[in-house]
1. Tell me, which residue of the range 221-238 that is closer than 25 Å to N161 by Cα and open to solvent by 10 Å² or more (accessible area, probe 1.4 Å) is modelled with the lowest pLDDT?
2. Please tell me if I167 is of a type outside the set (S, T, Y), touching a Ser or Thr at 6+ places or on another chain (Cβ under 6 Å) and either at pLDDT 90 or above or under 22 Å from F13 (Cα atoms) (or both).
3. Name the residue that is farthest from the chain's Cα centre (by Cα), counting only residues in the range 11-43 that are more than 14 Å from N83 (Cα to Cα) and polar (S, T, N, Q).
4. Looking at D380, D385, which is the one that is part of a strand (DSSP E or B) and surrounded by fewer than 16 Cβ atoms within 10 Å (Cβ to Cβ)?
5. When E55 is evaluated against the numbered criteria (1) under 21 Å from V115 (Cβ atoms); (2) part of a helix (DSSP H, G or I); (3) open to solvent by 40 Å² or more (accessible area, probe 1.4 Å), which criterion, by number, is the only one it fails?
6. Under 9 Å by Cβ, and 6 or more places apart or on different chains, what pairs join a residue from the range 159-186 that is under 20 Å from A228 (Cα atoms) and of a type in the set (F, W, Y) with one that is surrounded by fewer than 14 Cβ atoms within 10 Å (Cβ to Cβ) and modelled with pLDDT under 95?
7. Restricting to the range 1-39, and then to whatever is open to solvent by 40 Å² or more (accessible area, probe 1.4 Å) and assigned to a helix (DSSP H, G or I), can you tell me which residue is nearest to E225 (Cα to Cα)?
8. Considering only residues of the range 40-50 that are surrounded by fewer than 24 Cβ atoms within 10 Å (Cβ to Cβ) and not small (G, A, S), which is nearest to L416 (Cα to Cα)?
Amino acid sequence: MTNRLIIFEDSTFADFYPLSLSRPPFSLRCGCSRLWEKISRRFTGYKVSFSCRPELAAALQSETGHAVNQIEYQSGDRLVFVNGRLRLGDKLAQELKTVSTNRVFHQGNTTVAIVISGPMQNAPSNMARFIGPDAGAALGIETELIPGEFEFYEHTWDLINRNTEEINRDFQEMAPIGNFARMIGAARIDSSARILSDENLYLAPGAEIGACAVIDNRRGPVVLEAGAVVGPLSFVEGPCSIGPGTRIFRGNIREGCSFGPECRVGGEVEESIFHGYTNKYHDGFIGHAYLGSWVNLGAMTTNSDLKNNYKNIDVMISGKEIPTGTNKVGSFIGDHTKTGIGTLLNTGISIGFSCNIYGGTLVTSREVPSFSWGDESGYDLYRLDKAIEVARTVMSRRNCHMTREDEKLFEHIYALRTGTDPVSGAEGK
């Protein structure tokens, strides 16, 4: 018998656009880890796989090493399906691991989790249609329905608003914690650097803190993963998570920031998430924002995250206005997007996948479609072949090889943008 954990994407993935154009929401980052990693940590010994949109499957499997949209089910296996947007608590996690009957946990029409302990004819490959209280019937099994109230991430700004809490939560689960002297000994720390507390600190072997850098971990943890570098004259305020290989250059990193692997970060950043391989090397302010992978911000690119009237901010997603319920919202920028020098981003704007925005003016469009090229005077359609060519060059600079799966993802998102066959070519820049 094998215990299997299947983390699934439900039908609300578009609520996380533009970040979820190129990944399922459960692959988004919050705190020190991605959402699926938080769930899987609670299921030690389970074989992990995923269920998501077919067009994302190959890239996700390549990235994680876990099977996607395929379950090698054998009679007697125990299956636990968990919605990837769920903020899974200890009580429910324990129940999912120990319950001996088939159960569907749901909140209205949203499937929270499914436990299959009894025999089943065939395991489903994609969970998208198995939703709500009818999930058991759709799977062809008898189940006990368990309604309840649960916490979910509903939109990208939820990740930003929860980031400080999740950094603290992830920090408590990291090991080893507390051996300050050993961590200091394994890291490279300049004698002029200052760490303001001997608590709230995790330094992986190979982490580096440069001359005159200040780590203010008095009010929250600071995490430096393997190979992370806080360069000379930088200030980092906790809670903050700095991913493997990420470098901070003369940065003013305020509380509530998470940077994934291999980012380059300078200037001022506050309460923001950089997914990974993203470049903000120069001065400029980014606050309450989520930047996808392979984003490059030109010098002095700055976003607003607060209206002058202090009112709550609405965000446009797929042409629909969504209230955020908060007055602090920056920008949401899809993978492979670039801004020119001096670009100014208005409050709460969304910029799609593989855009190129320039002109040194204020971007007031609340939603810039994927593959846009230009400025507020008018956006052209970025040619697909050129977009892929540039992405291939950018990725090679970080020793990453662009795969055919990556190209297919570009083609799919381009088709979503244009409603045309991506292989037929396109006009534009």
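The values are calculated or read from the model by the stated rules, or taken from the named source; none is laboratory data. None of the values given here were measured: they were computed from a predicted structure. Ideal geometry is used to build each Cβ from the backbone, glycine not excepted, and the neighbour counts take in all protein chains shown. Each accessible area value is taken on the protein alone, full model and side chains, heavy atoms only, with ligands, DNA and RNA left out. Shrake-Rupley method; radii C 1.70, N 1.55, O 1.52, S 1.80 Å.
1. This residue is E225.
2. yes
3. Step by step, filter the range 11-43, then rank; the result is S22.
4. Among D380, D385, only D380 is part of a strand (DSSP E or B) and surrounded by fewer than 16 Cβ atoms within 10 Å (Cβ to Cβ).
5. (1)
6. Close Cβ pairs (under 9 Å, with a partner that is surrounded by fewer than 14 Cβ atoms within 10 Å (Cβ to Cβ) and modelled with pLDDT under 95) amount to F180/D198; F180/E199.
7. Among those that are open to solvent by 40 Å² or more (accessible area, probe 1.4 Å) and assigned to a helix (DSSP H, G or I), it is E37.
8. Among residues in the range 40-50 that are surrounded by fewer than 24 Cβ atoms within 10 Å (Cβ to Cβ) and not small (G, A, S), the one nearest to L416 (Cα to Cα) is V48.
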